[in-house]
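Trainee: Here's a structure for you.
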Number of protein chains: 2
Amino acid sequence: MNKVALAFDLGGTELRAALVDEAGSLLAFSAMPTAAADGPAAVTRQMEQLAAEVLAQTPDLSPIGIGVGAPGPLDPEAGIVIGPPTLIGWHEVPLATILSDRFELPVRLENDANAAALGEWHYGAGRGADSMVFVTVSTGIGGGVIANGRTLHGRRGLAAEIGHMTITNEGERCFCGAIGCFEAVASGTALGRHATARTRKFDGSLMRAIASDGDVSGRHVVEAARKGDVLAMELLDAEARWLGIGFTNLLHLYSPDILVMGGGISHGFDLLQEVVVATVRERAMPAYRGVPIVAAQLGRHAGLIGAASLILGQETDIGASPSIERKEASNG
Amino acid sequence: MNKVALAFDLGGTELRAALVDEAGSLLAFSAMPTAAADGPAAVTRQMEQLAAEVLAQTPDLSPIGIGVGAPGPLDPEAGIVIGPPTLIGWHEVPLATILSDRFELPVRLENDANAAALGEWHYGAGRGADSMVFVTVSTGIGGGVIANGRTLHGRRGLAAEIGHMTITNEGERCFCGAIGCFEAVASGTALGRHATARTRKFDGSLMRAIASDGDVSGRHVVEAARKGDVLAMELLDAEARWLGIGFTNLLHLYSPDILVMGGGISHGFDLLQEVVVATVRERAMPAYRGVPIVAAQLGRHAGLIGAASLILGQETDIGASPSIERKEASNG
């Protein structure tokens, strides 16, 4: 029979659960607003409730394990949610152990960006790549890296914090305190802020009209540009230039076979692509210039599907690897 | 008997060979100026000559294989030197195959920065780390990354091109054509250039005196600062600030357990450390602030020792790995 996994995507706003098969298809799905203010016990109760709902939709299927995508910082090897800003009262929560005790199934945990990267790698735009960089551009900028067939984790699973890569010495201060973070100049939030600064309430501009004369968001800019608004197109060109500078760094640093862009702003990928690619060609060293830069394919369920792949993809790279054992032996 | 490897460090200026044992000790050593202008055939003849010399020094030892560190870009899996700017006439040279035919021994190739990183990881400042970033700061800036027990290669072994990571939008244009490369603002060359711009021939300054009233180099700045020269100390503080900005990016991107700085400018590490660490503490996200930043330990032989470790360390991560096979299976 088709193997299936129970997958959770634990966001600060929404908690989603699904039963996912080896083809990456969602066989059952349920979601609810995350009780983000009520602490880990409340959220794990929600996870039990959602699990019961999706399992009731497919009574003939038994998941072989549970994959969870959750906000970072998060230690995938230890299965611990370290302390995400979006979940109140979560501090070093051993979520993998809690769920595995509750459901009596193996549990694998991964941060949300890495989970989405895995989804796109196994089932989406990155299929077949040996190395892949996934960048999500929405409220912030996050990333996940597949390096020669394995998720790049680093110490405590904290690698690929690409939103806080410094790429310039200008622009507004990032919430993290530094100047020039990729996220501070190129996130959807930054794009909306730039558009808001360039327009005014009731100025008759298309962007303000789309925003109902409130603050303009990144998505509003994309929508206005698609309708031919000149200022919106200019703002997207500036956005694409920043993305190109950041992406060039990622090509130099990780040397992927492909770079996949997801997140809310990737809905405007077709409008951004030309300037992104031109910027990369202008700035990258020759050996990196031809690497494809493409839009993500799985949409909002990438993280859920990637979480399932932690179980179904038989990724066993977490924990002591043979090469580490070899290293210790050679040092001894 | 003690296992030994024949190691080469093929630089644009000097070609070195050694017989290295499992403790990382050089049992025999020989070097000559690289015939960099005479093409690959001349250089491989030099390698044969050096091999004969080191083997003659230790007639009772037989190497089990050959490890080579050579300038990038270089494809370690295919064993091909792609086309380094410092070696004239080298274009897609299958050096591993050439040497293995010549010596009838297994040959492993790695780019020079990765080889030095491996040396420091197996035998130097990075011993015991699961993940390590090695940064060499001299004429340019290069890097090698150990990620969870394996060298980070990416497509064609081109990962960790950290010298051309954009970190600012100011400063002189890099030789690569871009503005704001880490190397363009923080290499030893940049430090020397800054010092040269701030002084004049025969101005009586200590830095110009040390430079015999020629252009000031990065090493001259370090030497003058060590003697208490105020301007040199100021220049080193600015250098340390740039290094801190770049290192913070590397912590966010690779999440190493330790960051090791080598190269000519690391002779001034003790003078740079305080400002480097303060900059990292100011700019890094909390989870990355405490990662140790230390000086390399192996000096100029790091690359040679690391090249030997390609053979003695039994690194077998090059080529198709089990996780890649698993991935293809799960996609099938």
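The values are calculated or read from the model by the stated rules, or taken from the named source; none is laboratory data. Just so it is clear, the structure is predicted and the values come from calculations on it, not from any experiment. Virtual Cβ from ideal backbone geometry, glycine too; neighbours counted across all protein chains shown. Areas reflect the complete protein model, heavy atoms only, side chains present, ligands, DNA and RNA absent. Shrake-Rupley method; radii C 1.70, N 1.55, O 1.52, S 1.80 Å.
Trainee: Determine whether B:Val276 is at pLDDT 95 or above, surrounded by fewer than 18 Cβ atoms within 10 Å (Cβ to Cβ), farther than 18 Å from B:Asp130 by Cα and among the hydrophobic types (A, V, I, L, M, F, W, C). Before you say what the answer is, go through the steps one by one.
Mentor: Values: at pLDDT 95 or above: yes; surrounded by fewer than 18 Cβ atoms within 10 Å (Cβ to Cβ): no; farther than 18 Å from B:Asp130 by Cα: yes; among the hydrophobic types (A, V, I, L, M, F, W, C): yes.
No; evaluated as a whole, the condition is false for this residue.
Trainee: If you scan the range B:85-108, which residues turn out to be in contact (Cβ under 8 Å) with a residue 60 or more places away in the chain and buried (at least 21 other Cβ atoms within 10 Å of the Cβ)?
Mentor: Correct list: B:Leu87, B:Arg108.
Trainee: Any chance the range B:117-135 includes a residue that's open to solvent by 20 Å² or more (accessible area, probe 1.4 Å), among the hydrophobic types (A, V, I, L, M, F, W, C) and closer than 20 Å to B:Leu19 by Cα?
Mentor: So far as the range B:117-135 goes, no, none of its residues is open to solvent by 20 Å² or more (accessible area, probe 1.4 Å), among the hydrophobic types (A, V, I, L, M, F, W, C) and closer than 20 Å to B:Leu19 by Cα.
Trainee: Moving to a separate point now. Would you be able to say whether some residue in the range B:184-200 is charged (D, E, K, R) and in contact with a strand residue (DSSP E or B) (Cβ under 9 Å, 6 or more places away or on another chain)? Working first, answer last.
Mentor: Here is the first cut: in the range B:184-200, the residues charged (D, E, K, R) are B:193, B:198, B:200.
Filter once more, so that each one left must be in contact with a strand residue (DSSP E or B) (Cβ under 9 Å, 6 or more places away or on another chain): none.
For the range B:184-200, residues charged (D, E, K, R) and in contact with a strand residue (DSSP E or B) (Cβ under 9 Å, 6 or more places away or on another chain): absent.
Trainee: Can you find a residue in the range B:233-247 that is of a type in the set (Val, Ile, Thr), surrounded by 20 or more Cβ atoms within 10 Å (Cβ to Cβ), assigned to a helix (DSSP H, G or I) and touching a helix residue (DSSP H, G or I) at 6+ places or on another chain (Cβ under 6 Å)? Let's see the steps before the verdict.
Mentor: If we filter the range B:233-247 for residues that are of a type in the set (Val, Ile, Thr), which is where we start, we get B:245.
Then keep just the ones that are surrounded by 20 or more Cβ atoms within 10 Å (Cβ to Cβ); that gives B:245.
Okay, now just the ones that are also assigned to a helix (DSSP H, G or I), so B:245.
Keeping just the survivors that are touching a helix residue (DSSP H, G or I) at 6+ places or on another chain (Cβ under 6 Å) gives none.
The answer is no, given that none of the residues of the range B:233-247 is of a type in the set (Val, Ile, Thr), surrounded by 20 or more Cβ atoms within 10 Å (Cβ to Cβ), assigned to a helix (DSSP H, G or I) and touching a helix residue (DSSP H, G or I) at 6+ places or on another chain (Cβ under 6 Å).
Trainee: Would you mention how many residues in the range B:135-166 are over 22 Å from B:Pro85 (Cα atoms) and within 10 Å of the chain's Cα centre (by Cα)?
Mentor: Qualifying residue count for the region: 0.
Trainee: What about B:Gly124, is it on the phi > 0 side of the Ramachandran plot, within 14 Å of chain A (Cβ to nearest Cβ) and modelled with pLDDT of 95 or more? I'd like the intermediate steps shown before the answer.
Mentor: Details: on the phi > 0 side of the Ramachandran plot: no; within 14 Å of chain A (Cβ to nearest Cβ): yes; modelled with pLDDT of 95 or more: yes.
So B:Gly124 fails the test.
Trainee: Restricting to the range A:135-164, name every residue that is assigned to a loop (DSSP other than H, G, I, E, B), more than 7 Å from every other protein chain (Cβ to nearest Cβ) and not hydroxyl-bearing (Ser, Thr, Tyr).
Mentor: Within the range A:135-164, the subset assigned to a loop (DSSP other than H, G, I, E, B) is A:138-140, A:148-149, A:152-154, A:158-161.
Pick out the ones that are also more than 7 Å from every other protein chain (Cβ to nearest Cβ) and you get A:138-140.
Residue satisfying the conditions is A:Gly140 alone.
Trainee: Step by step: first the residues of the range B:59-75, then only those that are at pLDDT below 95 and under 17 Å from the mean Cα position of the chain (by Cα), then the one that is surrounded by the most Cβ atoms within 10 Å (Cβ to Cβ). Which residue is that?
Mentor: For the range B:59-75, the residue satisfying everything is B:Leu74.
Trainee: Test of understanding: among B:Gly244, B:Gly268, which residue is touching a residue at least 40 places away in the same chain (Cβ under 8 Å) and small (Gly, Ala, Ser)? Reasoning before the result, please.
Mentor: Values: B:Gly244 fails: touching a residue at least 40 places away in the same chain (Cβ under 8 Å).
Matching residue, one of B:Gly244, B:Gly268: B:Gly268.
Trainee: Can you list the strands (runs of 3 or more DSSP E) lying wholly within the range A:1-56 that have 2 or more residues being within 19 Å of A:Gly89 (Cβ to Cβ) and without any contact (Cβ under 8 Å) to a residue 40 or more places away in the chain?
Mentor: Values: elements: A:4-10, A:14-21, A:26-33.
Counting at least 2 such residues, we get A:14-21, A:26-33.
Trainee: OK, next. B:Ala287: within 14 Å of another protein chain (Cβ to nearest Cβ), open to solvent by 10 Å² or more (accessible area, probe 1.4 Å) and small (Gly, Ala, Ser), yes or no? Break it down stepwise before answering.
Mentor: Working: within 14 Å of another protein chain (Cβ to nearest Cβ): yes; open to solvent by 10 Å² or more (accessible area, probe 1.4 Å): yes; small (Gly, Ala, Ser): yes.
Considered against the rule, which asks whether it is within 14 Å of another protein chain (Cβ to nearest Cβ), open to solvent by 10 Å² or more (accessible area, probe 1.4 Å) and small (Gly, Ala, Ser), B:Ala287 comes out as yes.
Trainee: How many of the residues in the range B:294-326 are more than 30 Å from B:Asp21 (Cβ to Cβ) and either open to solvent by less than 10 Å² (accessible area, probe 1.4 Å) or modelled with pLDDT of 95 or more (or both)?
Mentor: Matching residues across the range B:294-326 total 0.
Trainee: Looking at (1) within 19 Å of the chain's Cα centre (by Cα); (2) under 25 Å from B:Ala184 (Cα atoms); (3) of a type in the set (Val, Ile, Thr), which one does B:Val275 not meet, given that it meets all the others?
Mentor: (1)
Trainee: Determine, yes or no, whether B:Ala56 is of a type outside the set (Ser, Thr, Tyr), at pLDDT 95 or above and open to solvent by 40 Å² or more (accessible area, probe 1.4 Å).
Mentor: Values: of a type outside the set (Ser, Thr, Tyr): yes; at pLDDT 95 or above: yes; open to solvent by 40 Å² or more (accessible area, probe 1.4 Å): yes.
The answer is yes for B:Ala56.
Trainee: I need the full set of residues from the range B:250-271 which are touching a Ser or Thr at 6+ places or on another chain (Cβ under 7 Å), open to solvent by 20 Å² or more (accessible area, probe 1.4 Å) and within 14 Å of chain A (Cβ to nearest Cβ), in order please.
Mentor: B:Asp257, the sole residue that qualifies.
Trainee: Out of all the residues in the range A:165-205, which are open to solvent by 10 Å² or more (accessible area, probe 1.4 Å), within 7 Å of another protein chain (Cβ to nearest Cβ) and either closer than 15 Å to B:Met285 by Cβ or in a strand (DSSP E or B) (or both)?
Mentor: A:Cys176, the sole residue that qualifies.
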